[in-house]
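One structure is given below, encoded as structure tokens.
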Amino acid sequence: PISAAVQAPGFYRYNLGSVQVTVLNDGVSRMPIGDGFVLNASKADVQAALAAAFMNPDVYAGPYNPILINTGAKLVLVDTGTGEAAFKASNGLNGRLMQTLAAAGIAPEQIDAVVLTHFHGDHINGLVRADGTVAFPNAEVLAPAREHAFWTDEGEIGRARNPRVPDGARNVRRVLAGGIAERLRTYEWDKEVLPGLVAVGTPGHTPGHTSLVLASGGKQVYIQGDVTHAPFLFARNPGWHFMLDVDPVAAEATRRKVYEMLVAERMPVQGFHYPFPALAHVERSGTGYREVLLPWSAAL
């Protein structure tokens, strides 16, 4: 009888000029589709979109895909996934980054910098281990200045309309308290965060939500964080307002602007919540956009 219940580790490498990117799957979340999953679309509409994409219409399966950039001089992790504690709590459904890194031949001590796109738990919780210690002991942590200012300002948290913001702020305080605050520095939009990696302000999902453009050898890839979540929901329907967007109207405007640019520039996009290995081109489709996943390549 077939008894294996474990997949091969989810990592995938590709070259961009002289830089190598390793996509590191952190696992998946499974969220039941309820009323309010999309603020301005019905539960039935969301279920129909999932069914159209050959997905379970009752459950949103959202993958997590941090990436590791090897510049030759530095190893740079972009976002950290849900963290070791989540691995235990979910029975390995998510929080898989440490296992995936090990499978890819990378020790946590080797990582020089962690660049954060925003401060939601599925992007920052991996900064600390299950016992609360620092996960990447030799890494500087780089965070968007606007994002850091928002989540550490009680006044801003109190004024936010999204009811999930206070819980998010408590989680930020917990993570920063784990030795992260001392190694954190902030970065500004429209500047290089690190050589070859430029920060682009893409606010809405959170006030300081940031995307990154990685460039090397005349090639570019757009690292979009949560400009969209699942493309089969929010690229197809860019006007949909996701329940986790702090400012859904701004998030929609950002989404439309970014995706029009991706179409016009024919620039590949690395999507944190795209299907692994989460690298795609996008094209216009109906009233929205459709992702065209880049074919898997066995050769680098």
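The values are calculated or read from the model by the stated rules, or taken from the named source; none is laboratory data. Not measured: the values here are computed from a predicted model. Neighbour counts run over all protein chains shown; Cβ positions are idealised from the backbone, glycine included. Each accessible area value is taken on the protein alone, full model and side chains, heavy atoms only, with ligands, DNA and RNA left out. Shrake-Rupley method; radii C 1.70, N 1.55, O 1.52, S 1.80 Å.
Residues of the stretch 68-93 being at negative phi, surrounded by 24 or more Cβ atoms within 10 Å (Cβ to Cβ) and in contact with a strand residue (DSSP E or B) (Cβ under 6 Å, 6 or more places away or on another chain), which ones? Lay out the reasoning, then the answer.
Pass one, the stretch 68-93, residues at negative phi: 68-71, 73-78, 80, 82, 84-90, 93.
Now drop any that are not surrounded by 24 or more Cβ atoms within 10 Å (Cβ to Cβ), which leaves 69, 76-78, 80, 82, 86.
Those that are at negative phi, surrounded by 24 or more Cβ atoms within 10 Å (Cβ to Cβ) and in contact with a strand residue (DSSP E or B) (Cβ under 6 Å, 6 or more places away or on another chain): Ile69, Val76, Leu77, Val78, Thr82, Ala86.
Run down Leu50, Leu39 and say which single residue is closer than 16 Å to His229 by Cβ, loosely packed, with under 15 Cβ neighbours inside 10 Å, of a type outside the set (Lys, Arg) and modelled with pLDDT of 95 or more.
On the way: Leu50 fails: loosely packed, with under 15 Cβ neighbours inside 10 Å.
Within the list Leu50, Leu39, the selection yields Leu39.
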* **Matching residues in the stretch 269-300 - criterion: being assigned to a strand (DSSP E or B) and either open to solvent by 70 Å² or more (accessible area, probe 1.4 Å) or touching a Lys or Arg at 6+ places or on another chain (Cβ under 8 Å) (or both)** => His281, Val282, Glu283, Arg284, Ser285, Gly288, Tyr289, Arg290, Leu293
* Across the stretch 98-121, which residue is most open to solvent (accessible area, probe 1.4 Å) among those that are in contact with a strand residue (DSSP E or B) (Cβ under 6 Å, 6 or more places away or on another chain) and closer than 29 Å to Phe150 by Cα? -> Asp112
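Given the stretch 137-247, what helices (runs of 4 or more DSSP H) lie entirely inside it while holding 3 or more residues that are under 23 Å from Val269 (Cβ atoms) and open to solvent by less than 40 Å² (accessible area, probe 1.4 Å)?
Values: elements: 145-151, 154-159, 165-175, 231-234.
By residue number, 231-234.
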* To do: Considering each residue of the stretch 122-136, count those that are under 13 Å from Ala181 (Cα atoms) and open to solvent by 50 Å² or more (accessible area, probe 1.4 Å), and give that number.
  => 1
* State which residue pairs qualify: first residue within 12 Å of Pro207 (Cα to Cα) and polar (S, T, N, Q) and inside the stretch 155-168, second residue modelled with pLDDT under 95 and open to solvent by less than 50 Å² (accessible area, probe 1.4 Å) in any location, beta carbons under 6 Å apart, and separation of 6 or more residues or different chains. => none
* Could you figure out which of (1) in contact with a helix residue (DSSP H, G or I) (Cβ under 9 Å, 6 or more places away or on another chain); (2) free of Cβ contacts under 8 Å to residues at least 12 places away in the same chain isn't true of His209? => (2)
